[in-house]
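> Okay, handing you the structure first.
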Amino acid sequence: QYYSSMPNSFWSSALLVLQDILKDDWNVEITEVREGEPKTDGFDVYIFEHEAPSAVPSDGIVIYSNPGKLPAEAGVRLSAAVSSSSEIFLNEGEGHAVMNNIDPSRISIPRFTPVTSADGYVPLVCYGEHPVIMLKEEVDQKILMMLFSMHYSNFSMQPDFPMLLKNMVEHFFPATLEEYVY
């Protein structure tokens with residue numbers, strides 16, 4: 001499910017690429033919600049851009065992209081956005097499987113939202129010491145937090161963007177079958 005108060009083609013395109021990449025192994029059905037309340041159960045992946053529902057979904061992987069506010073159980077407190085007069089190039093945070101084949105040094109953003117606290121999150125991509133992509137991987141919560149807008153980032157134009165989504169699916173929904181036996 002993709003929900004955005006300002007939908008864009010960046011997420012839609014990346015999801016279509018993901019659908020094509022995984023077509024031999026997964027039936028990827030994309031549901032876009034443009035008006036009303038998004039669902040918080042029944043999907044394997046949730047993408048909330050700019051806005052978030054009042055509760056964290058009870059199942060699946062949750063991606064918050066440039067959130068304006070978050071539910072308390074997400075475990076993140078946002079600060080005021082920080083802007084730069086020039087492009088901000090990013091650096092690698094802690095290593096993780098969802099970052100395989102992704103080079104953060106190619107990603108630039110003009111602004112991001114710092115966090116004052118992020119309980120249980122691992123910083124995957126940073127600007128200096130500030131995390132801009134974080135991951136929380138717990139039994140009952142799998143949350144990827146992207147603290148910048150895709151509208152102003154070159155990340156949406158990089159092959160790394162759909163690769164991040166592919167890596168997440170492969171990490172959180174690993175194949176349980178290595179070969180077919182007839």
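The values are calculated or read from the model by the stated rules, or taken from the named source; none is laboratory data. No experiment lies behind these values; they were computed from the predicted model shown. Here the Cβ positions follow ideal geometry from the backbone for every residue, glycine too, while neighbour counts run over all protein chains shown. Keep in mind that these areas ignore ligands, DNA and RNA; they rest on the heavy atoms of the full protein, side chains included. Shrake-Rupley method; radii C 1.70, N 1.55, O 1.52, S 1.80 Å.
> Can you spot a residue in segment 48-55 that is outside any loop (DSSP other than H, G, I, E, B), surrounded by 14 or more Cβ atoms within 10 Å (Cβ to Cβ) and within 14 Å of the chain's Cα centre (by Cα)?
The answer is yes; a qualifying residue exists.
> Across segment 16-43, which residue is most open to solvent (accessible area, probe 1.4 Å) among those that are among the acidic types (Asp, Glu) and in contact (Cβ under 8 Å) with a residue 12 or more places away in the chain?
Taking the candidates together, the pick is Glu37.
> Here's another thing I want to ask about it. Regarding segment 18-38, can at least one residue be identified that is more than 21 Å from Asp160 (Cβ to Cβ), at pLDDT 90 or above, of a type in the set (Lys, Arg) and out of contact with any strand residue (DSSP E or B) (no Cβ under 6 Å at 6 or more places or on another chain)?
No, the conditions are met nowhere in segment 18-38.
> Looking at the structure I just gave you, is Gly75 open to solvent by less than 50 Å² (accessible area, probe 1.4 Å) and modelled with pLDDT of 90 or more?
Values: open to solvent by less than 50 Å² (accessible area, probe 1.4 Å): yes; modelled with pLDDT of 90 or more: yes.
Taking the combined requirement at face value, the residue satisfies it.
> Here is a follow-up. Does Met145 qualify as being touching a Lys or Arg at 6+ places or on another chain (Cβ under 9 Å) and surrounded by 20 or more Cβ atoms within 10 Å (Cβ to Cβ)?
Yes.
> Looking at the structure I just gave you, is Asn167 open to solvent by 40 Å² or more (accessible area, probe 1.4 Å), closer than 27 Å to Ser12 by Cβ and touching a residue at least 60 places away in the same chain (Cβ under 8 Å)?
So Asn167 fails the test.
> Residues that are in contact with a Gly (Cβ under 9 Å, 6 or more places away or on another chain) and closer than 22 Å to Ile133 by Cα: does segment 6-21 have at least one? Spell out how you get there, then give the answer.
Keep residues of segment 6-21 that are in contact with a Gly (Cβ under 9 Å, 6 or more places away or on another chain), which gives none.
No; the residues of segment 6-21 include none that is in contact with a Gly (Cβ under 9 Å, 6 or more places away or on another chain) and closer than 22 Å to Ile133 by Cα.
> I would also like to ask the following. The conditions are (1) under 27 Å from Thr40 (Cα atoms); (2) without any contact (Cβ under 8 Å) to a residue 60 or more places away in the chain; (3) in contact with a strand residue (DSSP E or B) (Cβ under 9 Å, 6 or more places away or on another chain), and Asn66 fails exactly one of them. Which is it?
(2)
> Just to verify a result, which residue in segment 104-122, among those that are assigned to a loop (DSSP other than H, G, I, E, B) and either hydroxyl-bearing (Ser, Thr, Tyr) or open to solvent by 60 Å² or more (accessible area, probe 1.4 Å) (or both), is nearest to Ala72 (Cα to Cα)?
Asp119
> Could you check segment 69-85 and list, in sequence order, the residues that are part of a strand (DSSP E or B), more than 19 Å from Glu129 (Cβ to Cβ) and in contact (Cβ under 8 Å) with a residue 24 or more places away in the chain? Before the answer, list the steps.
As a first pass, look at segment 69-85 and keep what is part of a strand (DSSP E or B): 76-78, 82-85.
Narrowing the set further to residues that are more than 19 Å from Glu129 (Cβ to Cβ) leaves 85.
Listed by number, the list is empty, since nothing qualifies.
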